[in-house]
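This is the structure I have questions about; it appears just below.
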Amino acid sequence: MSDQLVTIASQLNPWEAHILKGRLEADGIFAVVIDENNFSYGMWATSSGVRVQVQSENVARALEIKRGAHG
């Protein structure tokens, strides 16, 4: 198992990132939400957003799940 994490989604609202994380974990994929504390709201937002990351060997499956979760 690789320790390298890869971003599969970014610039989500924190709650959207956690929903995706939960969906991935329900399918057995370890996922983390990062940069949540740097997220800003409104027209003064300067953050690059919240990111969801998975282990590199799970990227393809995670992207399939993400596409299914968002339509």
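Kindly indicate the residue of the stretch 42-64 that is more than 13 Å from W15 (Cα to Cα) and modelled with pLDDT under 95 and also surrounded by the most Cβ atoms within 10 Å (Cβ to Cβ) among those meeting that condition.
Among those residues, the one meeting the criterion is S47.
Residue check, A69 against (1) at pLDDT below 90; (2) out of contact with any Lys or Arg (no Cβ under 8 Å at 6 or more places or on another chain); (3) small (G, A, S), all met but one. Which one?
Evaluating A69 over (1) at pLDDT below 90; (2) out of contact with any Lys or Arg (no Cβ under 8 Å at 6 or more places or on another chain); (3) small (G, A, S) leaves (2) as the failure.
Still on this structure: Cβ contacts < 7 Å: first residue assigned to a helix (DSSP H, G or I), restricted to the stretch 23-42; second residue at pLDDT below 75, any location; separation 6+ or different chain. Result?
Correct list of pairs: R23/A69; N38/S47.
The values are calculated or read from the model by the stated rules, or taken from the named source; none is laboratory data. Keep in mind that what you see is a predicted model, and the values were worked out from it rather than measured. A quick note on method: Cβ atoms are made from the backbone with ideal geometry, for glycine too, and the neighbour counts reach across all protein chains shown.
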